[in-house]
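> The structure that follows is given in the form of structure tokens.
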Amino acid sequence: MSFSTVAVLLLTVLVTTFISGIFGMAGGVIFMGVLAALVPVATAMIIHGAIQIFSNGYRAFLWRAHIDWSVFRRYALGSGAAVALLFALSWRPDQQAVYILLGLTTLLVWLPKSVADLDIQKRYQAELAGFTVQALNTVAGVAGPLLDLFFVRTSLTRQTIVATKAVTQVLAHTVKIVFWSIPVIAAAGVGALPPWWLIVAAIPLSMLGTTLGGKVLEKMTDIDFKKWMKYLVTAVGAVMLIKAAGWI
């Protein structure tokens, strides 16, 4: 991995965590898109997953008293079913498919809540969330817009939502790393995995970006937040689909 590639990746970590610190999403999609353009898809998935595990793990630790473990256990059951299916199929998308999946995932922010009557507290819906979110996160790299649909109608407090979403994403990204690491190790050995120092270097940058983004968020109104979040995510998705079409 060249110095210029490392520099671009680390700068992208800072910028995208800043965006996520403001809007709670979009940053992960952008980061995944940049990674897929610079390194092989498997390497991109592993790097993205490792950084996301730290980011979500730290958030889950801070809010650990608010985690709804009942929801998480049910989510984990669905996740396990998705993992079994993915390993049985042994399908891993190429770069173009990743961009298509990223683009389509962002469009979920426009799905009317009346159409998707989802509530992770309801019977079997945590299991459904685990299955669908895990499957999408593993093959596309991100699934934030889909996960959000399961929490928007709940009676959970905002602290419980943040904490529970964070711990589910630790599981999702851990599975993603394992799923994509196995063929890399089988083909070229452990030495072919992304360098550990890259992940270590990215961690403080992700913390800085999140902190700075939070300061901007405090100054935004709820109306501006919702409006700009949808437009930003949609614009990012459009770029991903254009990239998949080979127009850029």
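> Being modelled with pLDDT of 80 or more, part of a loop (DSSP other than H, G, I, E, B), surrounded by 24 or more Cβ atoms within 10 Å (Cβ to Cβ) and not acidic (Asp, Glu), is that true of even one residue in region 117-124?
Taking region 117-124 first, the residues modelled with pLDDT of 80 or more are 118-124.
Those still in the list that are part of a loop (DSSP other than H, G, I, E, B) too: 118-124.
Imposing the further condition that a residue be surrounded by 24 or more Cβ atoms within 10 Å (Cβ to Cβ) reduces the set to 120.
Applying the additional criterion that residues be not acidic (Asp, Glu) yields 120.
Yes: region 117-124 contains one or more residues that are modelled with pLDDT of 80 or more, part of a loop (DSSP other than H, G, I, E, B), surrounded by 24 or more Cβ atoms within 10 Å (Cβ to Cβ) and not acidic (Asp, Glu).
> Here's a follow-up. Name, by its number, the condition in (1) modelled with pLDDT of 90 or more; (2) over 21 Å from Phe179 (Cβ atoms); (3) buried (at least 21 other Cβ atoms within 10 Å of the Cβ) that does not hold for Thr138.
Unmet for Thr138, out of (1) modelled with pLDDT of 90 or more; (2) over 21 Å from Phe179 (Cβ atoms); (3) buried (at least 21 other Cβ atoms within 10 Å of the Cβ): (2).
> Shifting gears a bit: Among the candidates Thr211, Thr174, single out the residue that is among the polar types (S, T, N, Q) and within 26 Å of Ile120 (Cβ to Cβ).
Values: Thr211 fails: within 26 Å of Ile120 (Cβ to Cβ).
Testing whether each residue is among the polar types (S, T, N, Q) and within 26 Å of Ile120 (Cβ to Cβ) leaves just Thr174.
> Another question about this same structure. How many of the residues making up region 1-42 are at positive phi and either in contact with a Leu (Cβ under 7 Å, 6 or more places away or on another chain) or buried (at least 19 other Cβ atoms within 10 Å of the Cβ) (or both)?
Of the residues in region 1-42, 1 are at positive phi and either in contact with a Leu (Cβ under 7 Å, 6 or more places away or on another chain) or buried (at least 19 other Cβ atoms within 10 Å of the Cβ) (or both).
> State which residue is modelled with the lowest pLDDT when the search covers only region 205-235 and only residues that are touching a Leu at 6+ places or on another chain (Cβ under 8 Å) and either within 17 Å of Trp110 (Cα to Cα) or surrounded by fewer than 16 Cβ atoms within 10 Å (Cβ to Cβ) (or both). Steps first, answer last, please.
Quick first cut of region 205-235, residues touching a Leu at 6+ places or on another chain (Cβ under 8 Å) only: 205-206, 208-209, 225, 234.
Right, trim to either within 17 Å of Trp110 (Cα to Cα) or surrounded by fewer than 16 Cβ atoms within 10 Å (Cβ to Cβ) (or both) and you get 208, 225, 234.
Numbers: Leu208: 88, Phe225: 64, Thr234: 84.
Among residues in region 205-235 that are touching a Leu at 6+ places or on another chain (Cβ under 8 Å) and either within 17 Å of Trp110 (Cα to Cα) or surrounded by fewer than 16 Cβ atoms within 10 Å (Cβ to Cβ) (or both), the one modelled with the lowest pLDDT is Phe225.
> If I ask for residues that are of a type outside the set (A, V, I, L, M) and under 22 Å from Ile248 (Cα atoms), which ones from region 1-42 would you list?
Of all residues in region 1-42, those of a type outside the set (A, V, I, L, M) come to 2-5, 12, 16-18, 20-21, 23-24, 27-28, 31, 33, 40.
Of everything in region 1-42, those that are of a type outside the set (A, V, I, L, M) and under 22 Å from Ile248 (Cα atoms) turn out to be Ser4, Thr5, Thr12, Thr16, Gly27, Gly28, Phe31, Gly33, Pro40.
> Of the residues that sit in region 141-154 and are modelled with pLDDT of 85 or more and in a loop (DSSP other than H, G, I, E, B), which one is surrounded by the fewest Cβ atoms within 10 Å (Cβ to Cβ)?
Ala143
Here is a yes/no grid of residues against (1) over 16 Å from the mean Cα position of the chain (by Cα); (2) farther than 15 Å from Ala44 by Cα:
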site	(1), (2)
Val184	yes, no
Leu205	yes, yes
Leu208	yes, yes
Thr211	yes, yes
Lys219	yes, yes
Gly237	no, yes
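> Of the residues Trp180, Trp197, only one is within 22 Å of Thr5 (Cβ to Cβ), at pLDDT 90 or above and touching a helix residue (DSSP H, G or I) at 6+ places or on another chain (Cβ under 7 Å); which? Steps first, answer last, please.
Numbers: Trp197 fails: touching a helix residue (DSSP H, G or I) at 6+ places or on another chain (Cβ under 7 Å).
Answer to the selection: Trp180.
The values are calculated or read from the model by the stated rules, or taken from the named source; none is laboratory data. Treat the numbers as computed from the prediction; the structure is a model and nothing was measured. Positions of Cβ are generated from backbone atoms using ideal geometry, with glycine treated the same way; all protein chains shown enter the neighbour counts.
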